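Everything below concerns the one structure shown next.
The values are calculated or read from the model by the stated rules, or taken from the named source; none is laboratory data. All of these numbers come straight from a predicted model, not from anything done at the bench. Here the Cβ positions follow ideal geometry from the backbone for every residue, glycine too, while neighbour counts run over all protein chains shown. In case anyone asks, the SASA skips ligands and DNA or RNA and just uses the protein heavy atoms, side chains included. Shrake-Rupley method; radii C 1.70, N 1.55, O 1.52, S 1.80 Å.
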Amino acid sequence: MRTEIVILQQPMSVCVPPNHEVTLRVQAIGTGALKYQWFDKQQTEVAGGTEPELTVSLHRSGKYICRVSDLYCNYQFTEWVKVRILDEPGVSRMWRGEPHIVIHPISQTVKPGETFTLKCTALGKPAPAYQWYRNGRILPKQTTETLRIENTSADTVGSYLCAVSNILEERWSEAAEIEIATDKVALLIGNLNYNHHLGLMAPIMDVHELANLLQQLGFRVVSLLDLTLPEMQAAIDKFLQLLDRGVYAVFYYAGHGYENSGRNYLVATDAPRPYRTENCLCVQRVMQSMQERKAQLNVILLDTCRKWYKQKGPSSEIKPLAPLGNTVYGYATSEDAEAFEVQDGGKSTGIFTKYLNKHVLKPERVTHVLEQVSEDLGKDPLVRGRQVVEIRHTLTEPRALTDPVRTSGHTMELRQRDACWKQANVLPGRRSLDFPYCAVKVELSFSALFSNVLVVFGTVRNTSAKAQDCTLILESEPQMQDIFSGSGRSEEMDSLLVKSGETPDCTLRLCCLQRLQVQGLFVFEMKNRGIDLKF
């Protein structure tokens with residue numbers, strides 16, 4: 001009785017380095033002696049391939065199939081098997097065929113609704129099987145080298161791993177973190193009134209306009225003017241509390257600055273003359289602190305001079321961190337050069353910030369935005385040959401300041417950032433005060449053109465005949481410094497108030513609120529009536 005040919009063992013695919021010797025095997029039963037013939041992917045007979053085993057050593061991938069036949073013209077073909085070649089020089093000569101991962105999945109920050117792809121590839125004899133996991137849980141049906149997730153949301157972010165196994169062993173890939181931008185925060189500092197150095201004009205409008213533009217991009221913005229060194233350090237500490245995984249962070253400074261021993265320093269308003277490193281803020285230390293928080297994007301924008309100063313005293317010591325691929329520096333000028341402020345349409349502006357504000361809203365990667373700033377500044381006849389933008393970055397992904405944020409799934413972190421941010425940004429509500437003795441009602445409203453500059457607007461409402469001659473005066477206790485009282489600065493501040501649309505009877509500017517150690521008292525006086533009210 002004749003018996004059909006039955007293949008008991010199929011040859012198994014493998015994934016090996018170039019020129020690695022591989023033996024493919026087939027086991028079959030049938031009637032009488034069986035014959036074997038191996039074929040390559042072109043279906044050409046392999047010379048000498050007439051045994052149940054075929055040994056090959058390839059420098060590029062190939063496919064094989066074996067025909068098993070008997071003396072009665074019966075035959076059966078095996079399944080196609082692949083000898084995949086991956087160039088991996090790190091494989092030991094003692095390698096037995098256990099899984100050896102060549103390509104690990106890579107962490108990514110993606111936009112909501114986008115598609116992301118992760119890949120894991122390994123050598124193995126036989127070729128390994130793959131199984132993907134998210135946050136430690138198996139992903140059903142995700143059993144190939146490539147994992148593709150569409151329509152990214154908070155439900156698909158997390159830590160991804162791939163288990164790679166064959167009959168010899170199981171190996172795990174490195175973890176890939178998939179994150180969506182969850183928040184955008186920015187700290188803007190402008191120093192203009194210096195105790196021992198030349199005062200500046202531009203930081204007022206530059207900080208104000210850039211803050212407005214970043215708010216249009218969805219950033220939480222803290223904007224501060226005229227900070228001493230302890231105040232700058234305190235502002236940085238609060239800013240760092242807003243940073244976390246998934247956060248886009250921008251730090252901007254306009255004011256005096258310099259370089260020393262390869263470090264950039266920002267000059268506080270109370271810095272003595274001459275500059276000393278211990279009296280200034282080190283930019284590289286700020287960046288290191290931002291990176292330690294592992295934000296998804298760190299952008300440092302400096303509209304300041306970078307003249308070299310050799311000084312006595314230690315330079316800032318900074319321990320290097322592992323490269324994170326998330327940092328962008330935008331310097332207004334190159335090393336050992338000055339940065340200039342100019343008059344533009346009746347207002348003072350740093351020329352770097354002038355062009356930064358022109359391009360910052362564009363939906364392009366942040367490095368491209370800075371390149372356009374550099375090109376425009378390079379064409380400006382006022383600074384051509386004297387100021388050149390310098391851009392440095394370590395970005396590994398095309399991140400843009402216009403990237404959307406997704407807050408769902410990050411409730412606890414978001415609430416913590418909300419609480420911290422509100423400390424510097426929540427305004428008092430509109431208030432109405434009655435003066436019954438003169439039948440006058442005064443309405444108070446508040447505006448924060450900067451996070452540490454509060455403007456109080458007072459408007460007299462519902463005046464009676466006996467109160468028509470009253471004049472409203474607003475004062476504060478303790479007295480708050482008016483940093484805009486210098487020549488030319490009050491006019492620029494007044495232009496901001498006009499834009500706000502307020503037409504009050506009286507205004508009061510409260511500056512440098514960070515120095516207020518006790519709850520302030522406002523004094524409201526109705527002139528000619530001798531009536532005041534404190535709260």
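Data table
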read-out	value
When region 183-423 is reduced to its Cα atoms, the Kirkwood hydrodynamic radius in Å	18.1
Spin-label zone in region 170-201 - amide nitrogen under 12 Å from a point set 7 Å from the Cα of Arg293 along the C-beta vector	183-188
Å² per residue, accessible surface of region 201-271 at 1.4 Å	26
Contact order relative to length of region 66-215, as percent, for alpha carbon pairs under 8 angstrom and 6 or more apart	21
Whole-percent carbon and sulfur share, accessible surface of region 183-423, 1.4 Å	51
Kirkwood Rh and Cα Rg combined as Rg over Rh, evaluated for region 1-145	1.10
Cross-link pairs beyond the 25 Å C-alpha cut-off, checked among Lys111/Lys184; Lys238/Lys347; Lys35/Lys63; Lys82/Lys119; Lys307/Lys379	Lys238/Lys347
Residue-normalised accessible area of region 41-172, expressed per residue, 1.4 Å probe, Å²	58
Loop-located trypsin sites (Lys or Arg not before Pro) in region 12-108, at most 14 other Cβ atoms within 10 Å (DSSP)	Lys41, Arg60, Arg93, Arg96
Additional length obtainable on full extension of the chain from Arg276 to Asp40, 0.36 nm per residue less Cα span	77.5 nm
Kirkwood-Stokes translational diffusion coefficient of region 1-44, alpha-carbon pairs, 20 °C, 1.002 mPa s, µm²/s	165
Long-range HN-HN contacts of Asn264 with modeled amide H, under 5 Å	Val283, Gln284
Karplus 3J(HN,Hα) series, Hz, for region 357-362 with 6.51 cos²θ - 1.76 cosθ + 1.60 (x for Gly, Pro)	5, 5, 10, 5, 7, 6
Contact order relative to length of region 1-132, as percent, for alpha carbon pairs under 8 angstrom and 6 or more apart	28
Under 5 Å, built H, 5+ apart or other chain: amide partners of Cys305	Gly257, Ala339
Backbone HN-Hα couplings from phi across region 441-458 [Karplus 6.51/-1.76/1.60, Hz, Gly and Pro as x]	10, 10, 9, 10, 10, 9, 9, 10, 6, 9, 5, 10, 10, 10, 10, 9, 10, x
Net charge contributed by nearby residues that have their C-beta within less than 14 Å of Leu510 (K/R +1, D/E -1)	-2
Average Cα contact separation per residue, region 100-179, under 8 Å, 6 or more apart, as relative contact order %	38
Label-point separation in nm, Ser153 to Arg25, each point 7 Å along Cα→Cβ	5.0
Share of alpha-carbon pairs per 10 Å distance bin for region 6-85, given as whole %	19, 53, 23, 5, 0
Region 1-70, accessible surface, carbon-and-sulfur percent (1.4 angstrom probe)	46
Calculated SAXS-style log₁₀ I(q)/I(0) at q = 0.16, 0.25 Å⁻¹ - region 100-179, Debye, Cα scatterers	-0.55, -1.18
